[in-house]
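Worksheet for the structure shown next.
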Amino acid sequence: MRMRLKKHLEERIAECGKILLAREGDGFFKLNEEERKQYQVNLTEIFGNGNRACLEIGCGKGAWAIQSATLHPDVNYIALEKLSNVIVVACEQASKLSLTNLRFLNIRAENLDSFLPPHSVDEIALNFSCPFPKKTYANRRLTSKYFLESYKRLLKVDGVICQKTDDRDFFEWSIDSYRENGYEVYDVCYDLPENAPENIVTEYEAKFRALGKPIYALKAKIK
């Protein structure tokens, strides 16, 4: 079932202009790869500092990004969500809190290279990404070869990917994918405690924990 568009969506998105870095307009898809680079943002200029940068891919309504930005004002956060109908909620909540270290991208993860400069991110957070369980959809998984190559271009030296999921099959598939594509996997946990250091419980995580499901977590870095 398709999600119903929120009332006055475009007007609400427009009002979030200060916190929403970019959207994929119709014009974007008419450009070639080189022309799309005009959309690249300068994180130092945007945030006014050279602090560590963390990118969350698939931020949903922004709970993790907002909590993280609130707890760590010395870290810059960029939260990506492709659905305008969803990201508008995150942008509105963040705007009310006047968080100066959080910005949003209303784009597809496939197009990250067009919006973020090479080696500009210290950490990538993958929180409960869609597992796309059908084998024919494996290339859509955010830990597939295509995306892992993209992350190599975005991450700084010693940059890290932090992943959490409730899906064990996806988790183990991801471990293999990291290793096959030049990453070292570490801090692998098959039952992450809710009160683990630095753990921020997202909306999905709370839902899965309430169902008694274990949470799987890991970190990965380029070899």
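Just the residues that are free of Cβ contacts under 8 Å to residues at least 40 places away in the same chain, part of a loop (DSSP other than H, G, I, E, B) and among the small types (G, A, S), please, taken from the stretch 49-71.
Restricting attention to the stretch 49-71, the residues satisfying the condition of being free of Cβ contacts under 8 Å to residues at least 40 places away in the same chain are 49-50, 65-66, 69-70.
Keeping just the survivors that are part of a loop (DSSP other than H, G, I, E, B) gives 49-50.
G50, the sole residue that qualifies.
Regarding Y190, is this residue of a type outside the set (D, E, K, R) and more than 22 Å from L80 (Cβ to Cβ)?
On the way: of a type outside the set (D, E, K, R): yes; more than 22 Å from L80 (Cβ to Cβ): yes.
Yes, satisfied.
When you scan the stretch 86-103, do you find a residue that is open to solvent by less than 20 Å² (accessible area, probe 1.4 Å), at positive phi and in a loop (DSSP other than H, G, I, E, B), even just one?
no
Just to confirm my filter: which strands (runs of 3 or more DSSP E) fall fully inside the stretch 105-199 and include at least 2 residues that are open to solvent by 10 Å² or more (accessible area, probe 1.4 Å) and over 16 Å from A53 (Cβ atoms)?
183-189
In the list L97, L112, L116, which residue meets the criterion of being among the hydrophobic types (A, V, I, L, M, F, W, C) and closer than 26 Å to K207 by Cβ? Talk me through it step by step, then tell me what you get.
On the way: L112 fails: closer than 26 Å to K207 by Cβ; L116 fails: closer than 26 Å to K207 by Cβ.
When all the criteria are applied, what remains is L97.
Among (1) surrounded by 12 or more Cβ atoms within 10 Å (Cβ to Cβ); (2) under 18 Å from R108 (Cα atoms), which single condition is L43 missing?
(2)
Pairs only if they're at least six apart or on different chains, beta carbon under 9 angstrom, first in the stretch 1-18 and under 17 Å from G62 (Cα atoms), second part of a loop (DSSP other than H, G, I, E, B) and at pLDDT below 90; list them, first residue then second.
R12/K6
The values are calculated or read from the model by the stated rules, or taken from the named source; none is laboratory data. Computed from a predicted model, the values in this text were never measured in an experiment. When we count neighbours, we look across all protein chains shown, and the Cβ atoms used for this are built from the backbone with ideal geometry, even at glycine. When the accessible area is computed, the model is the full protein with side chains, heavy atoms only, and any ligands, DNA or RNA have been set aside. Shrake-Rupley method; radii C 1.70, N 1.55, O 1.52, S 1.80 Å.
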